[in-house]
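Beneath this line is the structure, given in structure tokens, with notes to follow.
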Amino acid sequence: MIPPVFDYHAPASVADAIALLSRFGDSAKVISGGQSLLPLLKLRLGTAEHLVDIGRIPGLEYVREEGGYLRIGGRTREAALERSEIVRTRFPILLDTARVIADPLVRNRATVGGNLAHGDPANDHPATMLALRAIVVAQGPNGERTIPIDRFFTGLFATALAADEILTEIRIPVPPGRSGGAYLKLERKVGDYATAAAAAQVTLDGAGTFAQVGIALTNAGPVPARASAAEDALIGKRVNDAAIAEAARRAAEAASPTADRRGSVEYKREMARVLAARALKKAVERAGGR
Ligand SMILES: Cc1cc2nc3c(=O)[nH]c(=O)nc-3n(C[C@H](O)[C@H](O)[C@H](O)COP(=O)(O)OP(=O)(O)OC[C@H]3O[C@@H](n4cnc5c(N)ncnc54)[C@H](O)[C@@H]3O)c2cc1C
């Protein structure tokens, strides 16, 4: 399939990219890995007269710990997350997530920033970043601003990014000791979007109770959002199966998936419940709680 005609721009710096986006306004789009945008253009589900490729701008691909945050450059590829030593050893929830996105070919091109900026509730990183309480860094004509992940997703395929802003970094607060997280996904076949998936991040205190909890689901509604009622159900509770089961029930209750070839609403809700419970148990295990 052939996309509509567009002009291609390859700026060498973030400032040049922002200048192009400001000049062309709504007729321009950032292209990063192209793994969501190009299919959209080819299927003619979207249009762009100008594509501003940020793929040649140096300095946007990194994963490092600094100043109390894990910092992920906006153009870091999924494959780089999978290879990252710090991700493998300290943030296994991110490895869980990256390795179930599409297939290795897509992951060699697809970027973490693009996964969030696309605003697709079927994408896997939104739930994980909600559970981790990430912060999105955006650069635009007026400089840099930070957007808490809870305010980032504003609608179906819509985010808080302005048309002339570039997502340059994702910051994840480094969790305290006795923390752990997990992301579990049910897919029809390898490479598919989630039938249901759950992200859970927990911190336990010395007495073995939940001190901090982050829970979010994938493909559970039009906008990625945290499962607040499920989180509230766990704070201050001792780790046990009944508490986890109640939190998972609340998470599924708040989900509003749509019926499609992946299953009925009832099936998806039930899978969300099962996965939320399993993700919580794995997160607790990784936090050293069991
Ligand atoms: C076969 C296939 C299977 C897939 N399966 C999955 C899956 O299982 N799970 C999953 O999560 N995703 C899946 N995807 C989607 C894809 O992997 C993600 O959406 C991808 O990570 C997007 O990143 P990208 O760099 O390719 O973004 P692009 O396609 O380049 O851009 C996507 C959107 O984000 C904007 N954008 C990108 N980067 C920035 C930035 N830095 N600043 C501002 N705006 C930006 C673009 O303007 C565009 O609107 C699949 C894709 C394919 C082709």
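Just so it is clear, none of the values below were taken in a lab; they were calculated from the coordinates. Computed from a predicted model, the values in this text were never measured in an experiment. Cβ sites come from the backbone with ideal geometry, for glycine too, and all protein chains shown count toward neighbours.
Over region 179-285, Cα pairs under 8 Å with separation of 6+ residues give a relative contact order of 32 percent.
Classify region 12-91 as rounded, prolate or oblate from the Cα gyration tensor: take a ≥ b ≥ c as the square roots of its eigenvalues, call it rounded if a/c is under 1.5, otherwise prolate when a/b beats b/c and oblate if not. Each step should come with its number before you reach the end.
Working: a/c = 3.22, a/b = 1.72, b/c = 1.87.
Here region 12-91 falls in the oblate category.
Mean sequence separation of contacting Cα pairs (under 8 Å, at least six apart), scaled by the length of region 84-153, corresponds to a relative contact order of 21 percent. Angle of helix 14-24 to the longest C-alpha principal axis of the chain, folded into 0 to 90 degrees and rounded to 10: 70°. Of P11, P126, P257, which has the largest mean-square fluctuation in a 10 Å C-alpha GNM of the chain? Greatest mean-square fluctuation among the candidates belongs to P11. Compute the helix-to-body angle for 241-254: its Cα long axis versus the longest principal axis of the chain, expressed 0 to 90° and rounded to tens. Tilt of helix 241-254: around 40 degrees.
Take every pair of alpha-carbon atoms less than 8 Å apart whose residues are at least six positions apart; their mean separation over the length of the chain yields a relative contact order of 16 percent. Sorted fewest first by neighbouring Cβ atoms within 10 angstrom, T89, T209, T168 come out as T89, T209, T168. DSSP finds beta bridges in the chain, and of those with both partners inside it, around 85 percent are antiparallel. Here's the list of lysines a cross-link from K185 could span, going by alpha-carbon distance under 18 Å and ignoring same-chain residues fewer than 8 apart: K268, K281, K282. Computed from the alpha carbon positions, the gyration tensor of the chain leads to an equivalent ellipsoid with semi-axes of 33, 21, 16 Å, biggest first. Only helical runs count toward this figure. For the chain, summing -39,500 (n - 2.57) over DSSP H runs of n ≥ 4 and dividing by all residues gives -9000 deg cm²/dmol at 222 nm. Here's the picture: charge each Lys and Arg Cβ at +1 and each Asp and Glu Cβ at -1 in region 63-173, and of L81, I149, I166 the one pushed furthest to the positive end of that dipole is L81. Of all lysines in the structure, the ones whose alpha carbon falls short of 25 Å from that of K29, not counting any fewer than 8 places away in one chain, are K42. Give me the log10 of I(q) over I(0) for region 63-173 at q = 0.21 Å⁻¹, as the Debye formula computes it from C-alpha points; what are the numbers? The calculated log intensity ratios at q = 0.21 Å⁻¹ are -1.17.
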